[in-house]
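A quick write-up on the structure given underneath.
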Amino acid sequence: MFGYVRPALARLTPEQRQAYQALYCGLCHTLGQQYGPAGRFLLNFDFTFLAALLSAGGRTAERRCIASPLRRRPAVEPCDALVLAADLSVILSWHKLADAAADSAFPKREGCRAARGVLDRAYRRAAERRPAFAGHTQEEMDRLSALERQRCASLDEPADTFASLLGGIALELPDPLQRRIFSQLFYHLGRWIYLVDAVDDCREDAAAGRYNPVLLRFGADGGALREEDKAAMALTLDASIRQMAAAYELWDFGIWSPHIQSAVYEGLYRVGNAVLEGRFHADRRRGRLAGKKEQI
Amino acid sequence: MKDPYQVLNVPSTASDEEVKKAYRELARKYHPDNYHDNPLADLAQEKMKEINEAYAEIQKMRGTGRRAGAGQGTGYSRTSQGYGGYSAAGDPAFVRVRMAIQQGDLQTAEGMLEQISTRNGEWYFLKGSICYRRGWMDEAHSCFETACSMAPDNLEYRQALERLENSGQAYRPEGFEVFTTGCGGGNLCGAMACAYCLCNLCGYGGMRFWI
């Protein structure tokens with residue numbers, strides 16, 4: 001996952017923002033506790049959001065860390081949901097690095113391989129703990145590679161692989177009702193992430209001659225999308241966000257409800273818009289994605 | 001039965017107006033239109049039933065209901081139309097596909113659809129419905145477009161296409177108006193202009209940065 005999923009922080013109260021910061025710190029501590037210092041480097045917004053979806057709450061404690069060695073900061077205590085989020089983060093990151101290594105040329109390829117090598121032990125441990133999800137992820141990644149080789153020109157088909165992959169997180173949940181709702185929510189979250197990432201990579205992929213379903217779907221060889229292509233892309237992205245919102249409304253997400261609500265009714269639309277207009281990376285640097293001032 | 005006030009998420013001391021407002025908001029949220037062709041539609045329907053019953057119960061307790069079962073009679077209780085309602089008189093092969101879609105058996109529906117050689121508006125509409133349920137929104141859109149161009153007078157096909165295109169029509173909590181694109185055409189522009197005016201009215205200019 002790539003750091004696209006974030007709540008619209010401007011929609012949240014200072015307390016809610018602080019709670020999300022504590023979740024971010026809590027996931028970092030959990031990654032460190034479960035997988036050692038290397039695990040901490042996997043932390044990003046998407047995985048924090050994943051942790052919010054999976055945990056309805058959690059006790060908070062004041063803790064020091066490398067980023068804040070003197071002042072103790074509130075962090076959600078490691079719990080089952082955070083451990084699950086940490087395991088999923090490791091599995092997803094390892095596959096992402098493997099995929100990036102296969103797609104890239106020297107020297108990036110070597111960098112990705114080295115990073116994946118560092119994660120190998122962590123991956124084996126996570127896969128042992130979550131065999132169903134790890135197996136499912138491998139299958140979907142293989143399916144995606146096959147579609148990439150065929151240079152599949154559909155948006156939905158390759159997106160379906162990553163969507164089903166994330167939908168597989170539901171396999172790790174015990175309650176059948178929760179499984180049903182989450183599998184729909186994660187499917188569309190995965191679909192949205194895959195497509196937004198594909199749009200974001202358009203120029204780079206066009207220049208490198210890499211597979212990109214958005215380029216093939218719209219015949220945008222130069223990497224630039226026309227206005228009507230952007231509108232078609234926005235339509236399909238919005239449809240997935242609406243499905244996520246519809247699923248969100250059917251489950252109680254506890255203290256994280258306002259954060260998830262702000263993402264599925266605003267944050268994702270903002271990010272999608274910024275990516276389509278080619279402003280995402282600049283906006284992220286300037287902290288504009290939160291609506292007003294980005295605090296995390 | 002659950003406490004009806006809890007279901008509507010209002011204190012028991014809430015005024016009639018507040019109860020009504022809470023009921024309307026929830027009814028808008030779980031309205032069948034928001035869950036059309038959604039694999040979770042049955043769960044939303046259950047929620048809707050619970051909300052209607054809670055509202056009717058409160059009205060009964062307070063003696064404010066104008067008629068018996070007012071909650072059920074408000075027009076929000078309409079259940080999803082489903083398939084087979086409109087074009088059931090058509091080819092029995094298509095009717096069977098509709099039944100399979102309604103039962104959520106998409107694989108069977110798709111298999112049966114592929115067997116049908118008549119590629120008319122109905123075929124593309126059903127194909128689009130299967131894609132939509134699966135979450136294959138791009139393909140669903142082109143199928144609905146083809147269905148509409150083949151049968152321009154068919155209301156059901158047009159509604160399916162409009163539902164997919166008019167993201168402004170779907171439920172959002174009050175105050176949330178950002179879209180992936182500022183102008184998607186059709187009703188979306190109108191909805192945006194309206195939202196923009198409302199935003200300026202209440203002094204919140206946040207969305208100007210984005211659209």
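The values are calculated or read from the model by the stated rules, or taken from the named source; none is laboratory data. The structure presented is a predicted model; accordingly, all values stated were derived computationally and were not measured. Counting neighbours? That spans all protein chains shown, and the Cβs are built from the backbone with ideal geometry, glycine included. With ligands, DNA and RNA removed, areas are computed over all heavy atoms of the protein, side chains included. Shrake-Rupley method; radii C 1.70, N 1.55, O 1.52, S 1.80 Å.
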**Message:** What figure, in Å² to the nearest 10, do you get for the accessible area of A:Ser145 with a 1.4 Å probe and non-protein molecules left out?
**Reply:** 40
**Message:** I'd like the accessible area for B:Arg62: 1.4 Å probe, protein heavy atoms, all chains in place, Å² to the nearest 10.
**Reply:** 70
**Prompt:** Which cross-chain or sequence-distant (5 or more) residues have an amide H under 5 Å from the amide H of A:Arg73, H modelled 1.01 Å from N in plane?
**Reply:** A:Arg63, A:Arg64
**Message:** Using a 1.4 angstrom probe on the protein heavy atoms only, could you order A:Phe182, A:Phe162 from most to least accessible area?
**Reply:** A:Phe162, A:Phe182
**Item:** Whole-Å distance, taken between Cα centres, linking the stretch A:254-293 and the stretch A:79-129
**Value:** 26
**Prompt:** Once label points are set 7 Å from the Cα along Cα→Cβ at both A:Asp103 and A:Gln178, what is their separation, rounded to one decimal in nm?
**Reply:** 3.2
**Prompt:** Chains B and A: buried accessible surface, both sides, probe 1.4 Å, rounded to 100 Å²?
**Reply:** 3600
**Request:** Treating only the Cβ atoms of Lys and Arg (+1) and Asp and Glu (-1) as charged, compute the dipole magnitude of the protein assembly as shown about its Cα centre; round to the nearest 20 debye.
**Result:** 1740
**Complete:** With every protein chain in place, the accessible area of B:Lys20 for a 1.4 Å probe, in Å² rounded to the nearest 10, comes to 70
**Prompt:** Projected onto the charge dipole of the stretch A:187-296 (+1 at Lys/Arg Cβ, -1 at Asp/Glu Cβ, origin at the Cα centre), which of A:Pro258, A:Ala239, A:Ile193 gives the Cα projection farthest towards the positive end?
**Reply:** A:Pro258
**Item:** Heavy-atom accessible area, 1.4 Å probe, ligands and nucleic acids excluded: residues of the stretch B:128-163 down by at least 40 Å² from chain alone
**Value:** B:Gly135, B:Trp136, B:Met137, B:Asp138
**Item:** Max mean-square fluctuation residue, GNM over chain A, Cα-Cα springs under 10 Å, options A:Glu140, A:Glu77, A:Glu277
**Value:** A:Glu277
**Complete:** The size of the Cβ-based charge dipole (Lys, Arg +1; Asp, Glu -1) of the stretch A:174-296 about the Cα centre, to the nearest 20 debye, is 280
**Item:** Computed lengthening from A:Asp221 to A:Arg71, 0.36 nm per intervening residue step minus Cα-Cα distance
**Value:** 48.9 nm
**Item:** Rounded to 10°, Cα long-axis angle of helix A:131-150 versus longest principal axis of chain A
**Value:** 20
**Request:** Take the solvent-accessible surface of the protein heavy atoms, probe 1.4 Å, and return the percent of it on the stretch A:1-158 that carbon and sulfur atoms account for.
**Result:** 53
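How much area per residue is accessible in chain A when the probe is 1.4 Å and only protein heavy atoms are counted (Å²)?
41
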**Item:** Cross-link table B:Lys2/B:Lys60; B:Lys49/B:Lys127; A:Lys230/B:Lys29; B:Lys20/B:Lys49, entries beyond 22 Å C-alpha to C-alpha
**Value:** B:Lys49/B:Lys127; A:Lys230/B:Lys29
**Prompt:** Taking N as the number of residues in the protein assembly as shown, what is its alpha-carbon radius of gyration divided by 2.2 N^0.38 Å?
**Reply:** 1.01
**Message:** Using alpha carbons only, how many angstrom separate the centre of the stretch A:171-191 from the centre of the stretch A:1-68?
**Reply:** 21
**Asked** Given +1 on the Cβ of Lys and Arg, -1 on the Cβ of Asp and Glu, and no further charges, what dipole in debye does chain A carry about its Cα centre, rounded to the nearest 20?
**Response** 1220
**Fill in**
Under the Karplus relation with 6.51, -1.76 and 1.60 and θ = phi - 60°, whole-Hz ³J(HN,Hα) for the stretch A:185-196, x at Gly and Pro, equal 4, 5, 4, 6, 5, x, 4, 4, 4, 4, 6, 4
**Asked** Sequence-distant or interchain residues sharing an amide H contact under 5 Å with A:Thr60, placed H: which?
**Response** A:Glu77
**Message:** What do you get for the angle between helix A:14-35 and the principal long axis of chain A? Use alpha-carbon atoms, 0 to 90 degrees, nearest ten.
**Reply:** 90
**Item:** Positive minus negative residues near A:Arg64 (Lys, Arg vs Asp, Glu; Cβ under 15 Å)
**Value:** +3
**Prompt:** Among B:Tyr124, A:Tyr211, A:Tyr269, what's the order by accessible area (1.4 angstrom probe), most exposed first?
**Reply:** B:Tyr124, A:Tyr211, A:Tyr269
